[in-house]
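A short write-up of the structure that comes next.
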Amino acid sequence: MATRLQPYLHLSHVICVPTVQAGAFFWLVSLLLASLVWFISVHLSNREDSRLQYGLLVFGAAVSVLLQEAFRFAYFKLLKKADEGLATLSEDGQSPISLKQMAYVSGLSFGIISGVFSVINILADSIGPGIVGIHGDSPYYFITSAFLTMAVVFLHTFWGVIFFDACERRRYWSLALVVASHLVTSGLTFLNPWYQASLIPIYIITISMGVWAFFTAGGSLHNVLACLSCKQEEDNRVMVYSALQVPVED
């Protein structure tokens, strides 16, 4: 049985690698378009108006979130077509990787590339003389940014699972909640210089989305309790032993 499953598992792992790369590419394209929108709006506005520039920054973040979710939907449509193609090529008529696995890998790829860019921005801010907090800024900027980046990676993974399931089942209210929670999370990062204050609501959103994604992926409370108790379920099958014995060879 294990020998039969090895090619199947190997094929699913091979498919997951380009899925991660394609997901990262889709996120980068959405970031590029959002950057172009923000860049053009800044150059067409009055650069000396600080309040206007701050508003354009918030506007750019909102546009970035909407573009990310739009490209997430486009990626879902692409993976859906790929899943149908793999099903037609397989011998049993089933795809070697399920849509739920694709949703997890897609969300993880969005989260990883988003976290990488967040870390790059933080490292760019750390270059130069002086100590963080010397000009009145929060001394917890870097540790707060690290926790925030970790939450964003988890959130994108959870959003991917919920988003794909909502598209598959056509639950538009779930899609609206994913987009709304993404906008709220992005907006909470503008609580400057009170970086620590943004962590509490963001992690509340992260835990809520994690629980939602867990049950969406097929998890249950019974599975959690069984995992925590480290007990295996008893096999209720009845095994019948034959009284016939193989004759002993001389």
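What full-extension length gain, to one decimal in nm, is calculated for residue 127 and residue 40 as 0.36 nm per residue of separation minus the Cα-Cα distance?
28.6 nm
Ignoring ligands, DNA and RNA, how do 167, 227 rank by accessible area with a 1.4 Å probe, largest first?
227, 167
Residue by residue, what Karplus-based ³J(HN,Hα) values in Hz, rounded to whole numbers, does the range 70-76 have, using 6.51, -1.76 and 1.60 with θ = phi - 60° and x for Gly and Pro?
5, 6, 5, 5, 4, 5, 4
Run the paramagnetic zone check for residue 228: 7 angstrom along Cα to Cβ, then residues of the range 202-218 with backbone nitrogen under 20 Å.
So the set is 204, 206-218.
Compute the separation of the alpha-carbon centres of the range 25-83 and the range 201-217 and state it in Å as a whole number.
24
Residues in the range 30-68 near a label at residue 116, defined as backbone nitrogen under 15 Å from the 7 Å Cα→Cβ point?
Within reach of a label on residue 116, which here means backbone N under 15 Å from a point 7 Å along Cα→Cβ, the range 30-68 contributes 30-32.
Between residue 50 and residue 100, what FRET efficiency follows from the Cβ-Cβ distance if R0 is 51 Å, with the result rounded to 0.05? Mind showing how you got there, number by number?
Details: r = 47 Å, r/R0 = 0.91.
My answer for the efficiency is 0.65.
Sort 142, 154 by heavy-atom solvent-accessible area, probe 1.4 angstrom, most to least. The partial results should precede the final answer.
Values: 142 70, 154 100 Å².
My answer, sorted largest first, is 154, 142.
In what sequence, largest accessible area first, do 80, 100 appear using a 1.4 Å probe?
100, 80
Which FRET efficiency, nearest 0.05, do residue 20 and residue 200 yield, Cβ-Cβ r, R0 41 Å?
Here the calculated transfer efficiency is 0.85.
The values are calculated or read from the model by the stated rules, or taken from the named source; none is laboratory data. Only a predicted model underlies this, so the values are computations on that prediction, with no experimental measurement involved. In this analysis, Cβ positions are derived from the backbone assuming ideal geometry, glycine residues included, and neighbour counts consider all displayed protein chains. These accessible areas exclude ligands, DNA and RNA; they are computed on the full protein's heavy atoms, side chains included. Shrake-Rupley method; radii C 1.70, N 1.55, O 1.52, S 1.80 Å.
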